[in-house]
Amino acid sequence: MDGAVTSGLEAAESVAILVVTYNSRAMFSRQTAALRAQTAQGFRLIVWDNASAPYQRPAPEDFPEGAEIILSQANLGFAAGNNRAAERAPEAAFIALLNPDAFPEPNWLEELLKAADAHPEAACFGSTQIDGADPAVFDGLGDAYHALGLGWRGGHGQRGPQPQSGETFSACAAAMLVRGEAWRAAGGFDESYFSYGEDLDLGFRLRLMGHTVRQVAPARVVHLGGASATRRSDFAVYHGRRNRLWMFVKTMPSPLFWLLAPGHAAFTIALGLSALIRRDQATLRALRDAVLGLPQVWRRRRDLQRKRKAPLSAIVRALAWSPVAPLRRRPIIWDGPKT
């Protein structure tokens, strides 16, 4: 075994794996088997349950021995649930996030740690996600973000050649690794999001801090997706569309913000008009609440942008600019100068 692999195996003892659950007990046995099969062992496992129904709540026998299980009395959402779980491991060198419906292959954690060892400039590392319904289909190959404020999970629902490793805009929180120091410096997820888009937002904030994000092709997980909330449910539509506006306003640095804000506003207005015609109440509520929340978002923006360390050119480079990129939803991964 070469030195890089040995380093990855040893580093597992500095990892806290966080699993936030909500009515997902049917997934526990399969995920536990996957965690027990990891080639990199010694990690700490923290399970945070977001007020599941009594018969869905995790118990010690559902997870590997030594797992720490916290039963919250309220549903704090995915963002705050992970933040509270991470607070229980304040000295962890790495935080690994794993959805209860994500089942890692045996070398998943080892490959992520090898990538972290090889790329000290990167703060966050994403996994190759395979569709649980069809192993020939990708569920996600890194998150991309268009300059007009549209994010997508690259490669979702697509077939294609084996993915490559390299830099990507952000990592999907269904299965990712973050350096503990960077996570804590960023303040973890933005809890106002509750769910949806918090991982893309974190990736953008890490970039503003001067870090990069990488996609690690050999780190593979099977992801069922939608185990706790239907992807196109009113819940998902509301949080996704509200958070999209908040993220653009908060994270896009000047002068890009002032250059691109008219385009984002035009898209948002068109979305609202379409929702009126279709009587899409979830979208209308999302846009209303997004606008009402803008004063608070603007205050967070001022604080975030004041601390920005990354040059504007680095942000420009990481964004997608092609007008057809959000329609194609292809993964955007690069090494070296982005083309």
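The values are calculated or read from the model by the stated rules, or taken from the named source; none is laboratory data. Keep in mind that what you see is a predicted model, and the values were worked out from it rather than measured. Neighbour counts are summed over all protein chains in view; Cβ atoms, including those assigned to glycine, are modelled from backbone coordinates with ideal geometry.
Let's see how each residue does on (1) in a helix (DSSP H, G or I); (2) of a type in the set (Val, Ile, Thr); (3) without any contact (Cβ under 8 Å) to a residue 60 or more places away in the chain:
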residue	(1), (2), (3)
Arg244	yes, no, no
Phe257	yes, no, yes
Ala265	yes, no, yes
Leu273	yes, no, yes
Ile277	yes, yes, yes
Asp289	yes, no, yes
Pro295	yes, no, yes
Trp298	yes, no, yes
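Filter the range 295-332 down to the residues that are touching a Leu at 6+ places or on another chain (Cβ under 9 Å), over 19 Å from Val213 (Cβ atoms) and among the hydrophobic types (A, V, I, L, M, F, W, C) and list them by number.
Matches in the range 295-332: Val297 only.
When residues of the range 98-120 are filtered for being assigned to a loop (DSSP other than H, G, I, E, B) and either among the hydroxyl-bearing types (Ser, Thr, Tyr) or surrounded by fewer than 23 Cβ atoms within 10 Å (Cβ to Cβ) (or both), how many remain?
Adding up the residues that qualify gives 6.
Among the candidates Arg84, Arg57, Arg36, which residue alone is in contact with an Asp or Glu (Cβ under 9 Å, 6 or more places away or on another chain) and among the basic types (Lys, Arg)?
Arg57
Given the criterion among the β-branched types (Val, Ile, Thr) and within 30 Å of Arg328 (Cβ to Cβ), identify the matching residue among Val47, Val137. Spell out how you get there, then give the answer.
Working: Val47 fails: within 30 Å of Arg328 (Cβ to Cβ).
After ruling out the rest, the residue left standing is Val137.
Answer yes or no as to whether Arg308 is among the charged types (D, E, K, R) and either in a loop (DSSP other than H, G, I, E, B) or over 22 Å from Cys172 (Cα atoms) (or both).
Yes; evaluated as a whole, the condition is true for this residue.
Table: residues versus (1) farther than 25 Å from Gly180 by Cβ; (2) out of contact with any Lys or Arg (no Cβ under 9 Å at 6 or more places or on another chain); (3) modelled with pLDDT of 95 or more.
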position: Ala122; (1), (2), (3): no, no, yes
position: Ala133; (1), (2), (3): yes, yes, no
position: Tyr145; (1), (2), (3): no, yes, yes
position: Leu150; (1), (2), (3): yes, no, yes
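Mind listing whichever residues of the range 308-325 are of a type outside the set (Gly, Ala, Ser) and surrounded by fewer than 12 Cβ atoms within 10 Å (Cβ to Cβ)?
The answer is Lys309, Pro311, Trp321, Pro323, Val324.
Residues to consider are Ala74, Ala16, Ala85, Ala89; find the one that is more than 21 Å from Met176 (Cβ to Cβ) and either under 17 Å from the mean Cα position of the chain (by Cα) or outside any strand (DSSP E or B) (or both). Give the steps one after another, and end with the answer.
Working: Ala16 fails: more than 21 Å from Met176 (Cβ to Cβ); Ala85 fails: more than 21 Å from Met176 (Cβ to Cβ); Ala89 fails: more than 21 Å from Met176 (Cβ to Cβ).
After applying the criteria, what remains is Ala74.
Mind listing whichever residues of the range 31-69 are surrounded by 15 or more Cβ atoms within 10 Å (Cβ to Cβ) and on the phi > 0 side of the Ramachandran plot?
Answer for the range 31-69, where residues must be surrounded by 15 or more Cβ atoms within 10 Å (Cβ to Cβ) and on the phi > 0 side of the Ramachandran plot: just Ala51.
Does Pro218 meet the test of being touching a Leu at 6+ places or on another chain (Cβ under 8 Å) and either surrounded by fewer than 24 Cβ atoms within 10 Å (Cβ to Cβ) or modelled with pLDDT under 95 (or both)?
Spelling it out, it is not the case that Pro218 is touching a Leu at 6+ places or on another chain (Cβ under 8 Å) and either surrounded by fewer than 24 Cβ atoms within 10 Å (Cβ to Cβ) or modelled with pLDDT under 95 (or both).
If the Cβ limit is 6 Å and pairs must be 6+ apart or interchain, which residue in the range 70-85 that is buried (at least 21 other Cβ atoms within 10 Å of the Cβ) pairs with which residue that is assigned to a helix (DSSP H, G or I)?
Listed by first residue and then by second, the contacts come to Ala79/Glu191; Ala79/Tyr193; Ala79/Glu198; Ala80/Glu191.
Provide a single number: the residues in the range 123-180 that are among the β-branched types (Val, Ile, Thr) and under 20 Å from Ser195 (Cα atoms).
1
Which one of these does Asp303 not meet: (1) out of contact with any helix residue (DSSP H, G or I) (no Cβ under 9 Å at 6 or more places or on another chain); (2) outside any helix (DSSP H, G or I); (3) not aliphatic (A, V, I, L, M)?
Single failed check for Asp303: (2).
When you look at Ile95, is it without any contact (Cβ under 8 Å) to a residue 24 or more places away in the chain and either part of a helix (DSSP H, G or I) or surrounded by 15 or more Cβ atoms within 10 Å (Cβ to Cβ) (or both), yes or no?
Criteria not met by Ile95.
So is Arg328 over 19 Å from Trp152 (Cα atoms), surrounded by fewer than 18 Cβ atoms within 10 Å (Cβ to Cβ) and not aliphatic (A, V, I, L, M) or not?
no
Can you confirm whether the range 120-130 contains a residue that is within 16 Å of Gly203 (Cβ to Cβ), among the aliphatic types (A, V, I, L, M) and in the same structural domain as Gln31 (by TED's automatic domain parsing)?
yes
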